[in-house]
Each structure stands twice: as C-alpha cells, then as structure tokens.
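Student: One structure, pasted below without further comment.
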Amino acid sequence: MLSLTARALLCGVAAAALAGCTSARGAHTPQEAAPPRITLVDVKSAQDAQAQEIARLAADVKAMDAQQAFLVAEIKSLSEQLAKLKTSLDEQLAKLKTSLDDAESSMRSLRATPVPPESRPAPVPAPPPTPAPAPASSTSGPTPSRNTEADRMFAGALAKLRAGDDGQAALEFTEFVTQYPAHPQAAAAQNYIGDAYYRQREYRQALGEYQKTVDTYTQAAQVSEALLKIGLCQRALGDGARAKTSWEQVIKQFPKSDAARQARTLLAARPAAGR
C-alpha cells in the first residue's frame, strides 16, 4: 500500500502531464482567420473598374452599330446598282430583239421587195406653176382635186410607215382604203396596213390585212406580195406547214413574180433553219 505522500506525488505528476498535453494540443490547433475588412477605397476601386468595363462595352456596341449602318448602306447601294444594270440590260435586249425583228421584216418584206410601178406613191405635189388654160369641162373639173388629195393621203401615210410610226401609218392607210377603195394604189395601201402590223409583231392582225388584199384585189404584184407575207406571218406564228403552203401558192400562181423568187429562197432555206 502506497503512502499518502506517494499518492499525492503521483496525482501531481498526472496533473502536470495533463496540463502539458492540453497546452501542446492548444499550441497545434490553428486559429480561425478573421474576415478581411472592406474599406471605401476598395468599393471605389471596384466601381471604377465596373465603369471602365461598361464604357468599353458601350464603345464596342457603338462601333458595331456604325459598322452595321455602313454595311446596310453598302447593300442598298449595291442593290440599286444591280437594279440599274438589270434595267439597262433589259433595255439593250429589247432593243436588240426589236432590231433583229425589224431587220428580218425589212429584209423579207418592205426593203427586199421593190415597189411595183403601179404601187409607187406619187410625190406630194408642190405648188404648180400657172397652168396653161384647159378646156372647160363639166366632168373633168372635180376629178383632179380628188386624185390629188388621194395621192397626198397615200404619200403621207407611206412617209409615216418609213419613219417608223407604224400605228399612225396603219390608221392613215386604212382611211385611204376606206375613202378610195377603187384607187390604183388601194391594193398597195392594203398591203402597207399589213406591213405596219407586222412590224409591230401583231402577226395575226397583219395576216388578216394581207388576206384582204388577196380577197379584194386583182393586181398580180400586190396579190403575190400579200401571199408571200401571209407565209411570213404564219411562220412567225409557228405554223411552218401553212407558211410552206402559202409560198408554194405564190410560186404556182405567180411563177415569174419577184414574190415567187423570194418564196423559192425561203423554201430553200427551210431545211437549214429546221422545220
């Protein structure tokens, strides 16, 4: 049995040891870090940084808006230029087509066919010199005035046709035929009505006008020319078979005419052009 003194000594040693362990454990336990303190300087710095970032973003947006506006203006300008080019191209194509059509119609009809003597228009009379006295006649007085007016009307209509005023020429020739159906130039005038419509690419109307010449008049030169041009109208309308028949009719009925010569040329050219 230990004495009281020994027990007290042991208790003291144990207490000292416990105290030492506690002290050592406390020395190794880390202390919690204190939260940082936010000052006004820190707040102001953060606000300045945000303001700079906002300003930078605003500048970027403004630059992008300016670039977009520039691109929109460029696109609009290019679209306008493209539209102008398209319009110009369409006009050039239309002029080219008109020129080709006019060249064909002129070559095949108006300018390729010489005007026969009976259909040549009389020139517009200039103021005549004082005529020699003529015997008075109750039947011959009105006739020169009427024929002169008819010749004047025919020449005026032909001048309109040659100047390219096809619509007005058709109207004036129609008026001439209506007023002077038995005039020696009436058949030529009827053919010129057809020419005016043909040059305007109104092929069905032109065909009908040429047919009137065939049905109404007997002059060989005018009827053969009308048949030739009926074939041209039929070809323009896509009816090659009827065009061939019309040209063969010209050759058969008027073999020595200028229209027959042109009809032979057209028939010979058909295989090369395609049926």
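The values are calculated or read from the model by the stated rules, or taken from the named source; none is laboratory data. Keep in mind the model is a prediction, meaning the values are calculated, not measured. No Cβ is skipped: glycine too gets one built from the backbone with ideal geometry, and neighbour counts run over all protein chains shown. Only protein heavy atoms, including side chains, enter the accessible area calculation; ligands, DNA and RNA are left aside. Shrake-Rupley method; radii C 1.70, N 1.55, O 1.52, S 1.80 Å.
Student: Test Ala49 against the stated conditions and say whether it is of a type outside the set (Asp, Glu) and either within 42 Å of the chain's Cα centre (by Cα) or open to solvent by 80 Å² or more (accessible area, probe 1.4 Å) (or both).
Tutor: no
Student: Within the range 246-272, take every residue that is of a type in the set (Val, Ile, Thr) and open to solvent by less than 70 Å² (accessible area, probe 1.4 Å) and give me the one that is farthest from Leu228 (Cα to Cα).
Tutor: Top of the filtered list is Ile251.
Student: When the range 222-245 is examined, which residues are found to be open to solvent by 70 Å² or more (accessible area, probe 1.4 Å) and in contact with a Leu (Cβ under 9 Å, 6 or more places away or on another chain)?
Tutor: Arg235
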